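Everything on this sheet refers to the single structure shown next.
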Amino acid sequence: MKLRFIGADHEVTGSCHYLEAAGKKMLVDCGMEQGPEAYLDQVIPVNAAEIDYVFVTHAHIDHSGLIPLLFKKGFRGTIFCTSATLELCNIMLKDSAHIQESDAEWKSRKNIRAGISSVEPLYDMDDAEGAMSLFKSVPYHDEIHIADGIDVKFIDAGHLLGSSSIEFTLTEDGVTKKIVFSGDIGNKDKPLIKNPEYLEEADYVVMESTYGDRVHENPPLDDFALALAKILLKTFDRGGNVVIPAFSVGRTQEVLYFLRQVKVGEDEKEKVLPKEILEVRERYPHFPVYVDSPLSIEATHVFNENVADCFEQKAIDMVNAGINPIGFEDLHTTVTSQQSQQINFDKTPKVIISASGMCEAGRIRHHLKHNLWNPASSIVFVGYQSPGTLGNILLSDKKPATVKLFGEPVAVNAEIINLPGLSGHADKNGLLTWIKNYKTDVQKVFIVHGDNEVVDPFAKLVTAETGFPAYAPYTEDIFDLITGEQIQVGDVHSVEKKAKKTKANTVFARLVAAGERLMAVIKRSEGRPNKELAKFADRINDMCDKWEK
Ligand SMILES: [Zn+2]
């Protein structure tokens, strides 16, 4: 019974854990790296065809994005997840395949012009569709018998529609161990979806730590609508647009929920709506809202279909009363890229919600190109921005004067606003509440899915607060879950450290290449006038004398 760490170790994205137990080979999540890597993910140590099962905690690409690649490499086992995760994966993995295909096509066109060979996509639509045929949905809370010695239970992690923590009960040679993978743990009192659930028993816990160093302000939900109304007023008064980079699945639907509150939300009980919200309604009664991402539109349908299983009570009540909590008049969904381009030709102040949420790819980059230079517009961030991403750069204290979009410099003149409080992740206190709920003696808590500076201090904090030994593993660390011992020490060197070494090698390789070129030039010079050859030889000798002095 072994646990091997593959990805999201000492960093946030690329979640993947390899588990061997009861004669089976399993993966928990198979995510894609997003943004620059802090620590290199490791390759899965066995042939994809040998893997029996994949368990997916939730549909976010950093937890599911490499499943089609696994299929491409020969995996034909079963993929278990909740039904909302299955439906979301169905649209997200196909979308990801489409991105891989068009990226490869674009690079190939460039390469062919440069006389270099074409590029294969990481995986294509057939791989995504093939992977989807292996998915099997399971309900929350049921004890599911997977194979002899392997039982699992999914509980609601309250992070995204369909998200879950997974509890494994594994038996090998008469010894039974419980191991829980937290998945991403949700924030409490969010719009639309339920709060995270807690577990009580485990021998080992593998737990996320994205916000292990921070406490969210967590303003009441009404305050978020109010904050949004204030931004709308000042931006529209300037004649600008409000551009909201948001991931298509989850955050986009939450923003729609709040925009609906601003536009048509009713007074609740005795509470009177804030004057800013009333002012928006009076002065900009029909401000248009564009959701510009085909994926967001499909994801919104999945939200509407999973109300009973995943929505919190207030949202269920709204649906029962015939209200769509994420729909309203003046909401436009754009699909074709031509329709997308039209948005910026129309001068009416508007809200544009587009993906990706960290501005690294997707249509949001077009909207940034059209709005970032404009001091009247506002760019509003509503989610975590990984270090190194454009979103993170725009939010930093040392914001650059210009950024490059589609090869062109674009001035950063728009107002950049950070609107926290909508986090999909529990903060430090939420994470501690989650781990403190265990009533058994947890043998070890593995802290993953957190930035390098966060994981070690958070591991110490977990131990201080719970008494459970906690450790932040590195990729390729292997633990024997029967004895609790570490049987392989992983790769503790960050990509940055390795890059310095590689850079030194690259520079030397440049020098060697220059030397080879010199030799080639010399050989081609045979037959040129002796005077020229002698002059060239003198110059080379001079240069060498100076260099070796
Ligand atoms: Zn997530």
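None of the figures in this text is laboratory data; all of them are computed from the coordinates on show. What you see is a predicted model, and the numbers here were worked out from it, not measured in a lab. Neighbour counts run over all protein chains shown; Cβ positions are idealised from the backbone, glycine included.
Data overview
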read-out	value
Within the stretch 179-202: backbone nitrogen closer than 14 Å to the Asn437 label point (7 Å, Cα to C-beta)	180-189, 194-202
Longest to shortest principal axis, alpha-carbon extents of the chain, angstrom	99, 70, 45
Gain on full stretching of the segment that runs from Ala308 to Ala534 - 0.36 nm per residue minus C-alpha separation	72.6 nm
Estimated FRET transfer efficiency when R0 is 45 angstrom, pair Leu511-Thr402 (beta carbons, to 0.05)	0.85
Beta bridges per DSSP with both ends in the chain, % antiparallel, nearest 5	50
Under-5 Å amide H pairs with Asp477, H placed in peptide plane, nonlocal only	Phe5, Gly490, Asp491
Dipole of the chain, positive direction: furthest Cα of Gly490, Ser396, Leu192, with charges on the beta-carbon	Ser396
Label-to-label distance, nm, for residues given as Cys544 and Ser118 (7 Å Cα→Cβ offset)	4.7
Sequence-separation-based contact order of the chain, relative, with Cα cut under 8 Å and 6+ spacing, percent	17
Taking Arg251, Arg214 and counting other C-beta atoms within 10 Å, the order from fewest to most	Arg214, Arg251
Rough spin-label spacing in nm, given labels placed 7 Å along Cα→Cβ, for Gln342 and Asp491	4.8
Student exercise, the chain dipole from Lys, Arg, Asp, Glu Cβ charges, in Debye to nearest 20	2820
Extreme residue, positive dipole direction of the stretch 69-198, given options Phe168, Ile150, Ser118 (C-beta unit charges)	Ser118
Dipole magnitude of the stretch 100-168 about its Cα centre (Cβ charges: Lys, Arg +1; Asp, Glu -1), debye to nearest 20	540
In the stretch 221-418, lysine pairs with alpha-carbon atoms under 19 angstrom apart (chain gap of 8 or more, or interchain)	18
Set of lysines near Lys531 by C-alpha distance (under 25 Å), chain-local residues within fewer than 8 positions excluded	Lys523, Lys546
Point-charge dipole on Cβ atoms (K/R +1, D/E -1) for the stretch 397-549, about Cα centre, debye to 20	960
Top positive-direction residue, dipole computed over the chain with Cβ charges, set Phe303, Phe55, Gln34	Gln34
Hits among lysines - C-alpha to C-alpha of Lys428 under 17 Å, sequence gap 8 or more where chains match	Lys188, Lys190, Lys436, Lys460
Residues of type lysines that Lys72 reaches as a straight line, Cα spacing below 24 Å, ignoring anything fewer than 8 places off in the same chain	Lys24, Lys25, Lys94, Lys107, Lys136
Rounded FRET efficiency, nearest 0.05, which uses the C-beta distance separating Val215 from His301 and R0 of 25 Å	0.10
Amide hydrogen neighbours beyond the local backbone of Ala355, cut-off 5 Å, H modeled	Ala246, Arg363, Ile364
Amide proton proximity set for His159, modelled H, under 5 Å, gap of 5+	Gly186
Computed helical MRE - 222 nm, the chain, DSSP H runs ≥ 4 contributing -39500 (n - 2.57), nearest 500	-11500 deg cm²/dmol
Whole-Hz ³J(HN,Hα) from phi, Karplus 6.51 cos²θ - 1.76 cosθ + 1.60, for the stretch 408-425, glycine and proline x	10, x, 10, 5, 9, 10, 5, 6, 9, 10, 9, 10, x, x, 10, 5, x, 10
